[in-house]
Every structure is written in structure tokens, then in C-alpha cells.
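> Structure incoming, see below.
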Amino acid sequence: MALKGIIKRLALCLLLSGMCFPVSAQKSKDSEELGKALDYFASAKYHEALLIFQRLEKEYNLNPRFKAYLGLCYYHEWDYKTAARHLEAAIPYLDAFAPHERSVYYFTTAESLFNMRQYRQAIPYYEKTLAVCYDREKGDVYYRMGLCYMFLQVWRPAYDLYMSAEKAYQQYGAREEVQARLAQTRRMAVACRANYEAEQPLDPLSKESDNTTENDNVTTQLKSISTILKSLTSTMLLQSLQPIAVKDIIKEEERKIIRK
């Protein structure tokens, strides 16, 4: 079956769920439009997909999955506030969906909140992501959670999360950009440990033997909070790895239709 035909059938099946069409001709036209939107969406042409989804949203009561799609499109347009609003409205209705599809929505919601500096609100969505994402993707999630706690100046959880991120990156991080993230993770872990120990002199973290310190003198790694946060600039420019390619959401739905 041709991909275009599959997309159209998917569009019709999804569009009929939670939408009402005034006439048959309009139904046909809008299902064609939705097919185009899904095609754009699967090809990572989020702006083009968003324009169509926005029009359909004005005319119909979109089902939760389409609201989640809208959220993803807004995220890729850097409209984090609108992205978070759509995703948070849709997520409670998506429990029956495939785990890795949900991981996209959780992670993107967390990233939207993170980019708005709403770190406390982002943490629960990162935690939801950890429960359903691939093991090879957990390094990025641990790392982002570590940043959240670090920005909140809660040093012990930040340190523990950086340690978890380091282990995940060591296991799966062969790519150059992941190696850069690993190096940053190690520096952040050392800084968080030093700050924690400075605040809790009678309850220091154990000096376990790990690869984080690489035999560096911890004293030389102690930085002021302003210096630590400034050092994150380069880290933020590193591309964040989404738990699953967005286009795979569409592919999974296509497989379901083929099996039917």
C-alpha cells in the first residue's frame, strides 16, 4: 500500500475521532488537508503542519492526539508556552498509547517548561519520560533533571542525577556530541558535590571511586554559583536528543492500519 494512501486512511480514522463534519464534501476536503499536515509532520516540516493544524483546530474539536501533535509543532517553532499548554491538556488522555510515543510528549513538555525556566514543573515530566523511553536516551533525561535541580540549587539530587547521566552516556555515548555532553556532566557533578559539601560540612558525600573526578583536586573545582551557571551556555547549545523521532509516531500508526 502506498505511503500516501496509508496517510490518508490514517488521517480519516483520526479525524473522525472527536470531530464532526457539516457535509460530505467538507469531510473529504478536510481529510485531504489533514493528510497533508501528517505528511509534513512526518517529514519534520513542523511549520507547514502547524498552519494546517491551526485551521482545523479552529473548526473542529480536535482529539487529544492531535492536540499533542500541535504541541510538538509549537515546540519546534520555539513557542514553548503554547506547546506546554497543548501537551499538558492532552497527556492525561494518552495513557493507552505506545510507551515510546508517550515519551515524546513527556519529554517535549519537560523541555518546553525547562526553556521557560519552570524547573520544578519540568521535573515530573522528565520522570515520566524515564519510565517509558529507551535506555540509550536516559542520559539526556538524567542530565536535564540534573540541570533543573542545579538551577534550583538543590545540590545532592543534582549530583546524583549527573552521576546517573554519566553512567548512561558512558554506556551509549559513542558520538562526538555525546562525548562533549559527558565532559560537561562530569564538571557539573564535581561542582554540585563541592557545593553540597560546603553547605553540609558534617555530612559530606562519600568519596567513592568513580570516573567523575578523574583524580582532579575537588578544591580546584569549587566555583561560585554564578560561574557555574555561566558555564552552561555551551551545554545549552548542544542538541538535545528527543527520546524518539517524531516521524516514528506516524509510522507506528501506519503499521496499525496495515495490520487491520
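The values are calculated or read from the model by the stated rules, or taken from the named source; none is laboratory data. These numbers were taken from a predicted model, which means no experiment stands behind them. Using ideal geometry, Cβ is built from the backbone for each residue, glycine included, and neighbour counts are taken over all protein chains shown. Note: accessible area is taken over every heavy atom of the protein model, side chains too, but ligands, DNA and RNA are not part of it. Shrake-Rupley method; radii C 1.70, N 1.55, O 1.52, S 1.80 Å.
> In segment 94-115, what residues are open to solvent by 60 Å² or more (accessible area, probe 1.4 Å) and not in a helix (DSSP H, G or I)?
Matches in segment 94-115: ASP95, ALA96.
> Restricting attention to segment 55-93, and to residues there that are touching a residue at least 40 places away in the same chain (Cβ under 8 Å) and either in contact with a Gly (Cβ under 7 Å, 6 or more places away or on another chain) or outside any helix (DSSP H, G or I) (or both), which single residue is surrounded by the most Cβ atoms within 10 Å (Cβ to Cβ)?
That would be LEU62.
> Does any residue of segment 144-156 turn out to be open to solvent by less than 60 Å² (accessible area, probe 1.4 Å) and either within 20 Å of ALA68 (Cα to Cα) or of a type in the set (Val, Ile, Thr) (or both)?
yes
> Which residues, taken from segment 117-134, are surrounded by 17 or more Cβ atoms within 10 Å (Cβ to Cβ) and closer than 11 Å to PRO99 by Cβ?
Across segment 117-134, the qualifying residues are LYS128, THR129, VAL132, CYS133.
> Mind listing whichever residues of segment 31-52 are over 15 Å from GLY71 (Cβ atoms), within 19 Å of the chain's Cα centre (by Cα) and not polar (S, T, N, Q)?
Of everything in segment 31-52, those that are over 15 Å from GLY71 (Cβ atoms), within 19 Å of the chain's Cα centre (by Cα) and not polar (S, T, N, Q) turn out to be ALA42, ALA44, LYS45.
> Out of ALA174, ALA180, report the one residue that is modelled with pLDDT under 85, surrounded by fewer than 19 Cβ atoms within 10 Å (Cβ to Cβ) and not in a helix (DSSP H, G or I). If you could, list the steps in order and put the result at the bottom.
Working: ALA180 fails: not in a helix (DSSP H, G or I).
Answer to the selection: ALA174.
> May I pose another question? Taking ALA168 as meeting all but one of (1) over 19 Å from the mean Cα position of the chain (by Cα); (2) within 24 Å of LEU113 (Cα to Cα); (3) without any contact (Cβ under 8 Å) to a residue 40 or more places away in the chain, write down the number of the exception.
(1)
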